[in-house]
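The values are calculated or read from the model by the stated rules, or taken from the named source; none is laboratory data. Nothing here was measured: the structure is a model prediction, and the numbers come from that model. Because the Cβ atoms are built from the backbone with ideal geometry, glycine has one as well, and the counts that use them run over all protein chains shown. Note: accessible area is taken over every heavy atom of the protein model, side chains too, but ligands, DNA and RNA are not part of it. Shrake-Rupley method; radii C 1.70, N 1.55, O 1.52, S 1.80 Å.
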Amino acid sequence: MTEPQRSSTGADVRTVLQAALLVLGTGMTLLDGWVVGGVGGVVGAVFLAIFFLAMYYGISKDKPATNGRVIGLAVCVVVTLLVFLSASS
């Protein structure tokens, strides 16, 4: 595999990972809202998710995807998962 092909494949993988983590993180945020506060929690979670996605868009708008960004998203998803697990037990 040549260097441009390897670089392109890495960028594709990072893009797919970012998309999957954003969807998973948004879903976990809504689920956390439901578990923590019922309907009011979901409304609050929607505003929180919109705020997070707007901030993420502003940060990533003109910059290429990096491994650090993917790791940061993964950490956010893990934190929301831990909130869900601690609130549901």
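Among the numbered conditions (1) of a type outside the set (Ser, Thr, Tyr); (2) within 22 Å of residue 8 (Cβ to Cβ); (3) open to solvent by 40 Å² or more (accessible area, probe 1.4 Å), the only one that residue 39 does not meet is (2). A single member of 65, 45 is of a type in the set (A, V, I, L, M) and not in a helix (DSSP H, G or I), and it is 65. What do you reckon, is residue 59 open to solvent by 50 Å² or more (accessible area, probe 1.4 Å), in a helix (DSSP H, G or I) and modelled with pLDDT under 85? In short, yes. So is residue 84 in contact (Cβ under 8 Å) with a residue 40 or more places away in the chain, of a type in the set (Phe, Trp, Tyr) and part of a helix (DSSP H, G or I) or not? Against the criterion (in contact (Cβ under 8 Å) with a residue 40 or more places away in the chain, of a type in the set (Phe, Trp, Tyr) and part of a helix (DSSP H, G or I)), residue 84 qualifies. Restricting the first member to the stretch 39-59 and to residues that are free of Cβ contacts under 8 Å to residues at least 24 places away in the same chain, and the second to residues that are open to solvent by 100 Å² or more (accessible area, probe 1.4 Å) and part of a helix (DSSP H, G or I), the beta-carbon pairs closer than 7 Å and six or more apart or on different chains are 41/34; 42/34.
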